[in-house]
Amino acid sequence: LEVIEAHYLFGASYDDIDVVVHPQSIVHSMVETLDTSCIAQLGWADMRLPLVYSVSWPHRLRMPYKPLDLAELGSLTFKAPDHQKYPCIALAYAAGRTGGTMTAVLNAANEAANEKFREDVGLGFLDIPELIEGAMEAHKADLKLTDVQLDDILNCDVWAREFVEENMSKIINGKVLFT
């Protein structure tokens, strides 16, 4: 989802957006400028600060958090994602490049599948991308690419959540949603 957010927030082409795995979760965003230098937003592995930053822009608020101590952290590591391990990355790029209502379907299917996984109803972690991809494939018949309105997005959101609800039992029982 962050791939799609970066595309819309910064107007970047999907070809110019890279994903890196950062296990410490200290770097919340990083932008490479034309001169190849990078500007990053760092904070403890807690999403409250980036969220406060996003809603208080352009102002900075004094927060009751412990200051970030880079010496305490010791090191930051980054690596390329394993696309076999993280198949949802490719789904996000595909939905973003398709555009229109596909991104709403990806988001809602992802949220619904993750919720069902956390409810421990028998859905495996690796079943999540299967449900998302199934919803995206099924949505191609009703995909809207132009003049997308809020109602279109909300309707797609409801549809994708229903798709997950209706199809998760098929996956739990070992059936393939699509070929």
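Name the residues in segment 116-160 that are over 26 Å from Ile172 (Cα atoms) and basic (Lys, Arg), would you?
The one that is over 26 Å from Ile172 (Cα atoms) and basic (Lys, Arg): Lys144.
Can you pull out every residue in segment 33-56 that is in a loop (DSSP other than H, G, I, E, B) and over 17 Å from His22 (Cα atoms)?
Answer for segment 33-56, where residues must be in a loop (DSSP other than H, G, I, E, B) and over 17 Å from His22 (Cα atoms): Thr33, Leu34, Asp35, Thr36, Ser37.
Might you check whether a residue that is within 26 Å of His7 (Cβ to Cβ), more than 16 Å from the chain's Cα centre (by Cα), among the aromatic types (Phe, Trp, Tyr) and not in a loop (DSSP other than H, G, I, E, B) occurs anywhere in segment 68-83?
No, every residue in segment 68-83 fails to be within 26 Å of His7 (Cβ to Cβ), more than 16 Å from the chain's Cα centre (by Cα), among the aromatic types (Phe, Trp, Tyr) and not in a loop (DSSP other than H, G, I, E, B).
Being touching a residue at least 60 places away in the same chain (Cβ under 8 Å) and either over 23 Å from Val19 (Cα atoms) or surrounded by 10 or more Cβ atoms within 10 Å (Cβ to Cβ) (or both) is the filter here, so list the residues in segment 57-81 that pass it.
Answer for segment 57-81, where residues must be touching a residue at least 60 places away in the same chain (Cβ under 8 Å) and either over 23 Å from Val19 (Cα atoms) or surrounded by 10 or more Cβ atoms within 10 Å (Cβ to Cβ) (or both): just Pro81.
May I ask you to verify whether Asn114 is among the polar types (S, T, N, Q) and free of Cβ contacts under 8 Å to residues at least 40 places away in the same chain?
yes
Determine whether Val164 is closer than 30 Å to His28 by Cα, out of contact with any Cys (no Cβ under 9 Å at 6 or more places or on another chain), assigned to a helix (DSSP H, G or I) and open to solvent by less than 70 Å² (accessible area, probe 1.4 Å).
So Val164 passes the test.
Read through the list (1) modelled with pLDDT under 95; (2) under 20 Å from Leu1 (Cβ atoms); (3) aromatic (Phe, Trp, Tyr), then give the number of the only condition that Tyr93 fails.
Tallying (1) modelled with pLDDT under 95; (2) under 20 Å from Leu1 (Cβ atoms); (3) aromatic (Phe, Trp, Tyr), Tyr93 fails exactly one: (1).
Please tell me if Tyr93 is at negative phi and part of a helix (DSSP H, G or I).
The answer is yes for Tyr93.
Across segment 100-117, which residue is farthest from Leu143 (Cα to Cα) among those that are open to solvent by 30 Å² or more (accessible area, probe 1.4 Å) and more than 11 Å from the chain's Cα centre (by Cα)?
Ranking the candidates gives Phe117 first.
Would you mind stating whether Ala95 is in contact with a Leu (Cβ under 8 Å, 6 or more places away or on another chain) and under 30 Å from Gly124 (Cα atoms)?
yes
Which of (1) without any contact (Cβ under 8 Å) to a residue 24 or more places away in the chain; (2) open to solvent by less than 40 Å² (accessible area, probe 1.4 Å); (3) farther than 17 Å from Val3 by Cβ is the odd one out, the single condition Pro50 does not satisfy?
(3)
Look at segment 1-42 and say how many of its residues are on the phi > 0 side of the Ramachandran plot and open to solvent by less than 60 Å² (accessible area, probe 1.4 Å).
Looking only at that region, the number is 1.
The values are calculated or read from the model by the stated rules, or taken from the named source; none is laboratory data. Here the structure is a predicted model, which is why all the values come from computation and not from measurement. Cβ atoms come from the backbone with ideal geometry, glycine included; neighbour counts cover every protein chain shown. What goes into the accessible areas is simple: the full protein's heavy atoms, side chains included, and nothing from ligands, DNA or RNA. Shrake-Rupley method; radii C 1.70, N 1.55, O 1.52, S 1.80 Å.
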